[in-house]
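None of the figures in this text is laboratory data; all of them are computed from the coordinates on show. Keep in mind that this is a model prediction, so the values were computed, not measured. FYI the Cβ positions are ideal-geometry reconstructions off the backbone, even for glycines, and counts take in every protein chain you see.
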Amino acid sequence: MSRNPQLDNIDDLNEMARQIRRDIINMLLISKSGHSGGPLGMADIFSAMYFNKLNIEDEQPYGNERDYFFVSIGHIAPVWYASLARRGYFPLEELKTLRKINGRLQGHPAPLKTHGLPGIEIASGSLGQGLSVAVGCAIGLRMDKKPNYVFCINGDGELQEGQIWEAVMTAAHHKVDNLTMFVDFNDCQIDGNVHNVMNIMPLADKFKAFNWETYEIDGNNMSNILETIDKAKSVKGKPSVIIAHTKMGKGVSFMEGDYRWHGNPPNEEQGKIALQELPPTRFGDFI
Ligand SMILES: Cc1ncc(C[n+]2csc(CCOP(=O)(O)OP(=O)(O)O)c2C)c(N)n1
């Protein structure tokens, strides 16, 4: 299946982010289970990545020239599925099958080899592992003298996993500069606010102490996202991290900033209100 075109201006990328948010709500209304808050909060970054920044190859899910995109927090699958479908990795129609038994869009993502879904590099959902894979991938590419770039999406709650910090130390030690990590910094996790469950602050200072190039941005601001990715990619001699301040449930007033939306879908009434707050776009709904 050939890819849909890249979008080159901020307004279009914002509109795509809104469409992805509508898709997330519609998928969850159909599946009646799944994660709302994290996916909605990350829609701007996914729109920026899939429609502007990621080097994607037409027709090939895993082409040799592609950038590698790892999503370590598999529970935000709805935003990933919507982005992949919108870019043309699989038919939009398939978004109706989120969490259906024997379908390709499981609650947590799995790659082509096991589930037949193109564009997913590795299975994720068990937190803490994705960054290690991303670091290994980046080192491997460098050993093969390949120019491909590697991105990894991590959650702030996920940073409580010890394995993350082994990977952070490893990437710095090996001066892995073909890697950018995003932290979805929404101060929410499955059962509370991150600062209450187990504080990870001061986060930027921790990454700086590990010798990572460290950026802090508004992760729901498209121009901020785009310009920081460019800066991070140009860094030499060390890995980069973009601590992206996002809002859980962004775009839906009654979900915003509330960790209780980490893993729940809207009901019919809530879904209706959510879709009113996210007006239709020129890209059109899948239902
Ligand atoms: C190894 C492991 N431990 C626990 C869980 C259960 N779990 C799923 S999501 C989550 C919270 C993750 O927080 P964050 O990454 O900040 O996600 P957000 O709430 O922002 O979407 C937890 C503890 C898991 N999936 N894997």
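Key figures for this structure:
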quantity	calculated
Using alpha-carbon coordinates, inclination of helix 268-277 to the longest axis of the chain, degrees	70
Dimensionless Rg/Rh of the chain - Kirkwood Rh, Rg from C-alpha atoms	0.94
Given charges at Cβ of Lys, Arg, Asp, Glu: the chain dipole, positive-most of 29, 245, 112	112
Dipole of the chain, positive end: most advanced residue of 279, 2, 264 [Cβ charges, Cα centre]	2
DSSP bridge pairs, segment 124-226: antiparallel proportion in percent, nearest 5	25
Calculated Rg and Dmax of segment 1-118 using C-alpha coordinates, Å	13.3, 38
Estimated vicinal HN-Hα couplings, Hz - segment 96-106 in sequence order (Karplus 6.51, -1.76, 1.60; Gly, Pro = x)	5, 9, 3, 6, 7, 4, 6, x, 8, 9, 6
The chain - share of DSSP beta bridges that are antiparallel (%, nearest 5)	10
Centroid-to-centroid separation of segment 169-202 and segment 1-78 [C-alpha atoms, Å]	21
GNM flexibility winner over the chain from 164, 73, 153 (Cα, springs under 10 Å)	164
Rg in Å to one decimal, and Dmax rounded to a whole Å, for segment 178-245 via C-alpha atoms	12.7, 38
Neighbourhood net charge (12 Å Cβ-Cβ; Lys/Arg +1, Asp/Glu -1) for residue 41	-4
